[in-house]
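Values in this text are rule-based calculations from the coordinates and carry no lab data. The model shown is predicted, which means the values in this text are computed figures rather than measured ones. Please note: Cβ atoms are built from the backbone with ideal geometry, for glycine as well, and neighbour counts cover all protein chains shown.
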Amino acid sequence: MKKYKCSICGYVYDPANGDENANISPGTSFEDLPDDWVCPICGATKDQFEVTED
Amino acid sequence: MKSVEIKKDIYWVGAIDWDVRDFHGYSTYKGTTYNAYLILDDKITLIDTVKKEFKSELIHRIREIIPLEKIDYIVVNHVEMDHSGSLPEIIELVKPEKIFCSDMGKKALLAHFHREDWPYQVVKSNDTISLGKRSIKFIETRMLHWPDSMFSYVPEEALLFSNDAFGEHLASTERFDDELSIGELIRHAAKYYANIILLYSRLVKKQLENLEKLNLKIDMIAPDHGVVWRSHVKEILEAYHNWCNNKTEEKALVVYDTMWHSTEMMAKAICDGIEKEGVNVKVFNLEVNHHSDIMTEVLDARAIVLGSPTLNNGLLPTMAGFLNYMKGLKPGTKIGAAFGSYGWSGEAVKIMTQYMKDMKFNILEPGIRFQYVPTHAQLKECVEFGKRIGKAIKEGI
Ligand SMILES: [Fe+2]
Ligand SMILES: [Fe+2]
Ligand SMILES: [Zn+2]
């Protein structure tokens with residue numbers, strides 16, 4: 001599963017970790033995140049994210 | 001303590017910090033101000049507050065105009081402690097009807113002050129509130145330079161409260177841009193940009209485009225540090241435009257440190273070569289220059305030339321520290337070159353080159369390194385290296 005990086009603040013969403021504070025369990029792909037999920041650091045919406053290698 | 005009316009019934013009520021010399025690693029050798037503003041209208045509104053230690057200055061200045069309890073609204077454009085530190089005490093005294101902040105602002109306020117009971121009112125971009133004769137339109141400026149950051153715009157006055165953007169660290173009793181030298185002000189604003197905002201240049205660019213699209217009339221910008229712009233609004237906007245687009249001058253920086261003067265000799269010979277090409281060059285010894293002052297020069301430099309001897313198979317700590325700082329600030333693309341003296345292993349040039357590659361600089365390879373003390377012929381090679389750098393600068397990045 002691919003990692004996605006927030007183009008606003010640089011936060012990286014790693015499917016292996018999920019997003020505990022938003023009740024996203026580890027193993028959830030970026031695509032499967034709910035549409036209203038936002039960057040936990042800066043609040044950017046999903047469309048502000050880009051695939052990343054690192 | 002004197003408050004200053006910046007527009008009819010709108011006052012600067014902030015604080016002047018004459019003494020601060022270090023702002024988390026940024027050398028503020030001229031101090032700074034923490035600006036807060038008071039709008040007298042049907043709803044009396046306080047825009048931002050000041051650093052905790054300065055709350056009595058803020059209170060004095062407000063009291064000169066009205067009793068604190070008369071304030072109805074508080075707007076928090078930015079949660080960083082230099083603007084929110086005195087919020088708890090002020091809220092205690094004011095008992096505001098509403099506290100306006102962005103969504104991320106509310107989260108950050110809760111994470112700083114742990115007060116669920118404050119009367120938060122979350123606003124989004126383009127939300128407008130009425131104060132009576134005037135109104136405030138909010139514009140979120142996420143990551144400029146914190147997630148919570150926003151602007152407050154008063155259309156009736158063509159006045160933009162811009163929080164940290166367009167500000168500078170400079171203590172003065174003068175409150176307006178036309179009361180000080182514009183050259184010096186832009187220098188200080190450049191330092192602020194280079195050390196605080198540079199890494200978000202892409203967002204600055206978007207935000208400037210957004211302001212243009214919104215077609216806001218702006219004849220005054222009131223930031224949270226330094227002077228209020230009223231006579232040079234165009235200049236500061238233009239400067240931000242240039243900085244966020246990595247507009248560079250025909251200018252090189254030679255930044256180095258030295259152990260036994262060998263790298264220093266190389267630095268000066270390289271400087272000589274660059275100068276021979278008729279290109280502006282500045283030399284910074286890391287022993288005596290503050291990294292935040294060098295960053296100001298990096299902002300519009302076209303080439304960065306780095307020199308360090310090899311110490312313990314690595315860089316001198318001053319150079320490692322500087323590179324770490326510069327890399328974090330993500331400067332735009334530059335021409336990069338590296339040099340240094342060494343004793344036996346000589347890794348420094350390679351390490352500096354790698355740092356610059358990571359920053360997407362265009363490297364003039366190969367860098368040059370000489371063992372122990374350079375000979376006259378080797379210094380001549382340094383001059384030639386400098387000329388190559390000068391020529392590359394004239395050709396552009
Ligand atoms: Fe800030
Ligand atoms: Fe600030
Ligand atoms: Zn983000």
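Some points to look at:
- Taking every DSSP beta bridge that has both ends in the protein assembly as shown, the antiparallel portion is near 50%.
- With the simple spin-label model, which puts each label point 7 Å out from Cα in the Cβ direction, the B:LYS234 to B:GLU53 separation comes to 4.1 nm.
- Average beta carbon contacts from partner chains per residue of B:197-203, 10 Å cutoff: 1
- Rounded to the nearest 20 debye, the dipole magnitude of chain B is 1020 debye, with +1 charges on Lys and Arg beta carbons, -1 on Asp and Glu beta carbons, and the Cα centre as origin.
- Label zone of A:ASN23 (point 7 Å out along Cα→Cβ, amide N under 15 Å): in region A:35-54 this covers A:35-38.
- Overall, the ratio between the Cα radius of gyration of region B:104-256 and 2.2 N^0.38 Å, rounded to two decimals, is 1.13.
- Rounded to the nearest 500, the 222 nm mean residue ellipticity of chain B from helices alone is -10500 deg cm²/dmol, with -39,500 (n - 2.57) taken per DSSP H run of at least 4 residues.
- Folded to 0 to 90 degrees: helix B:376-395 orientation relative to chain B principal axis, Cα: 40
- Number of Lys pairs (Cα under 14 Å; 8 or more positions apart or on different chains) in region B:127-273: 4
- Semi-axes of the equivalent ellipsoid for the protein assembly as shown, computed as √(5λ) from the eigenvalues of its C-alpha gyration tensor and ordered from largest down, come to 44, 27, 19 Å.
- Full-stretch length increase - B:LYS8, B:LEU110 - with 0.36 nm per residue and alpha-carbon distance subtracted: 33.3 nm
- Efficiency of FRET from Cβ geometry, A:PHE30 and B:ARG63, R₀ 60 Å, rounded to 0.05: 0.70
- Peptide-level mean, for A:37-43, of C-beta atoms on other protein chains within 10 Å: 4
- According to the Cα-based calculation, Rg over Rh for region B:203-269 is 1.26, with Rh computed by the Kirkwood formula.
- For region B:207-218, Karplus couplings with θ = phi - 60° (6.51, -1.76, 1.60), whole Hz, Gly/Pro x: 5, 5, 5, 4, 4, 4, 4, 5, 6, 6, 7, 10
- The ellipsoid that matches the Cα gyration tensor of region B:251-395 has semi-axes, each √(5λ) in whole angstrom, of 20, 18, 13, with the longest given first.
- Sites B:LYS360 and B:TYR29 - FRET efficiency at Förster radius 30 Å, r taken between beta-carbons, to 0.05: 0.45
- Note on B:LYS276 and B:THR128: their simple-model spin labels are 6.4 nm apart, each label 7 Å out from Cα toward Cβ.
- The B:MET259 and B:ILE397 beta-carbon pair, evaluated with R₀ = 41 Å, returns a calculated FRET efficiency of approximately 0.80.
- Counting Cβ atoms of other protein chains within 10 Å of each residue's Cβ and taking the mean over peptide B:100-108 gives 1.
- What the Cα atoms of region B:4-244 give is an Rg and a Dmax of 16.3, 46 Å.
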